[in-house]
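The structure appears right after this line, and notes come after that.
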Amino acid sequence: MNLILFGPPGAGKGTQGALLAERLGIPRIATGDLLREALRQGTPLGQQARAYMDAGDLVPDDVILGMVREALDSEAARRGAIFDGFPRTLAQAEALDDLLRAMGRDVDAVLVLEVPDDVIVKRLSGRRTCSRCSAVYNIYFDPPRTADACDRCGGVLVARPDDNEETVRRRLEVFREQTEPVLAHYQRTGRPVIRVAGDRPVPEVQAALEHALDAVARKTVA
Ligand code: ADP
Ligand code: AMP
């Protein structure tokens with residue numbers, strides 16, 4: 001299956017994407033994670049992306065598409081993938097269509113997580129990520145057992161530099177202006193676009209997504 005997890009920053013794409021990836025046995029391709037890894041390693045790509053990310057703006061399409069092409073080439077992704085935070089522009093969506101078509105594949109469904117802006121601002125101000133294993137917590141909604149330490153590996157938990165309120169507002173603006181219109185592309189081209197209320201506990205959102213996917217699978221088989 002090739003799925004797109006769609007939604008504003010902080011909607012829960014990473015949280016749900018990790019659960020879905022485990023359930024379906026296919027990798028999650030998260031362009032934000034790939035960019036942060038490039039930054040951490042100090043690669044030229046990471047250096048090129050830094051200013052855009054710090055400002056809450058989109059990194060240029062060619063940079064993103066190079067990364068996605070490489071990720072899709074991997075052995076792990078040969079049975080499908082869950083795209084998280086990608087595509088974010090119409091050009092990226094069209095390029096993904098071409099890439100998948102060349103592999104004899106298609107986007108099977110777009111799962112849209114809907115969360116109101118005030119909830120997003122609160123979630124992102126409370127997001128903490130493990131600097132060692134990248135596990136994600138929330139000091140309000142899903143706190144670690146020990147403050148500032150990862151339950152799984154003991155690594156130090158840090159806030160993302162772009163999760164400050166000013167940058168979050170900019171990221172929301174960019175989402176509304178450049179990313180949300182991408183949904184029309186999927187509707188126009190007949191791919192299932194399924195909206196799920198994301199402002200409820202993680203297991204409830206997870207169950208709603210799995211329910212939606214079962215319906216897609218039944219239609220694909222029928
Ligand atoms: P995204 O990948 O869409 O930016 P994340 O999955 O990183 O979003 O979630 C953003 C923050 O909100 C994280 O701190 C996460 O722990 C928290 N979170 C995710 N899903 C929920 C939920 N259903 N209810 C409350 N908090 C959530
Ligand atoms: P995320 O981890 O998805 O919240 O992304 C963090 C930042 O990385 C964004 O604010 C953008 O600057 C950049 N980014 C991630 N994915 C993309 C993408 N598909 N297109 C453009 N920029 C991206």
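Condition (residue is within 14 Å of ligand 1 (Cβ to nearest atom) and without any contact (Cβ under 8 Å) to a residue 12 or more places away in the chain) applied to segment 132-143: is it met by at least one residue? Yes; the residues of segment 132-143 include at least one that is within 14 Å of ligand 1 (Cβ to nearest atom) and without any contact (Cβ under 8 Å) to a residue 12 or more places away in the chain.
Check segment 128-135 and report whether any residue there is at pLDDT below 95, touching a Cys at 6+ places or on another chain (Cβ under 8 Å) and away from ligand 2 (no atom under 16 Å from the Cβ). Yes, segment 128-135 has at least one match. What are the residues in segment 53-63 that are within 16 Å of ligand 1 (Cβ to nearest atom) and part of a helix (DSSP H, G or I), if any? Of everything in segment 53-63, just one residue is within 16 Å of ligand 1 (Cβ to nearest atom) and part of a helix (DSSP H, G or I), namely Met53. Screening segment 32-44 for residues that are more than 16 Å from ligand 1 (Cβ to nearest atom) and under 12 Å from Gly66 (Cβ atoms) and picking the one that is most open to solvent (accessible area, probe 1.4 Å) gives Pro44. The residues of segment 195-209 that are open to solvent by less than 40 Å² (accessible area, probe 1.4 Å) and within 17 Å of the chain's Cα centre (by Cα), listed by number, are Val196, Gly198, Val205, Leu209.
Looking at (1) assigned to a strand (DSSP E or B); (2) open to solvent by 60 Å² or more (accessible area, probe 1.4 Å), which is the only condition Ile29 fails? Tallying (1) assigned to a strand (DSSP E or B); (2) open to solvent by 60 Å² or more (accessible area, probe 1.4 Å), Ile29 fails exactly one: (2). Scanning segment 1-20 for residues that are open to solvent by less than 20 Å² (accessible area, probe 1.4 Å), among the aliphatic types (A, V, I, L, M) and more than 12 Å from ligand 2 (Cβ to nearest atom) turns up Leu3, Leu20. Taking the criterion of being more than 21 Å from Tyr140 (Cα to Cα), in a helix (DSSP H, G or I) and either of a type in the set (Val, Ile, Thr) or without any contact (Cβ under 8 Å) to a residue 60 or more places away in the chain (or both), the residues of segment 177-203 that qualify are Glu177, Thr179, Val182, Ala184, Gln187, Arg188.
Annotation note: Cβ proximity below 7 Å between a residue of segment 111-129 that is assigned to a loop (DSSP other than H, G, I, E, B) and a residue that is more than 15 Å from ligand 2 (Cβ to nearest atom) (sequence gap 6+ or interchain) occurs for Val115/Asp199; Pro116/Asp199; Gly126/Ile139; Gly126/Tyr140; Gly126/Phe141. Number of residues in segment 45-66 that are of a type in the set (A, V, I, L, M), loosely packed, with under 15 Cβ neighbours inside 10 Å and without any contact (Cβ under 8 Å) to a residue 24 or more places away in the chain equals 1.
Looking across segment 82-131, just one residue is hydroxyl-bearing (Ser, Thr, Tyr), surrounded by fewer than 17 Cβ atoms within 10 Å (Cβ to Cβ) and away from ligand 1 (no atom under 12 Å from the Cβ), and that is Ser131. Number of residues in segment 21-44 that are more than 11 Å from ligand 2 (Cβ to nearest atom), in contact (Cβ under 8 Å) with a residue 40 or more places away in the chain and among the small types (Gly, Ala, Ser) equals 2.
Does any residue of segment 67-77 turn out to be assigned to a loop (DSSP other than H, G, I, E, B), open to solvent by 10 Å² or more (accessible area, probe 1.4 Å), away from ligand 1 (no atom under 16 Å from the Cβ) and of a type in the set (D, E, K, R)?
Of the residues in segment 67-77, the ones assigned to a loop (DSSP other than H, G, I, E, B) are 73-74.
Among the residues that remain, those that are also open to solvent by 10 Å² or more (accessible area, probe 1.4 Å) are: 73-74.
Retained after the next criterion (residues that are away from ligand 1 (no atom under 16 Å from the Cβ)): 73-74.
Applying the additional criterion that residues be of a type in the set (D, E, K, R) yields 73.
Checking segment 67-77: at least one residue is assigned to a loop (DSSP other than H, G, I, E, B), open to solvent by 10 Å² or more (accessible area, probe 1.4 Å), away from ligand 1 (no atom under 16 Å from the Cβ) and of a type in the set (D, E, K, R).
The values are calculated or read from the model by the stated rules, or taken from the named source; none is laboratory data. Everything numeric in this text was worked out from a predicted model, so none of it was measured. We place every Cβ from the backbone using ideal geometry, glycine too, and count neighbours over all the protein chains shown. Surface accessibility is based on the protein's heavy atoms, side chains included, excluding ligands, DNA and RNA. Shrake-Rupley method; radii C 1.70, N 1.55, O 1.52, S 1.80 Å.
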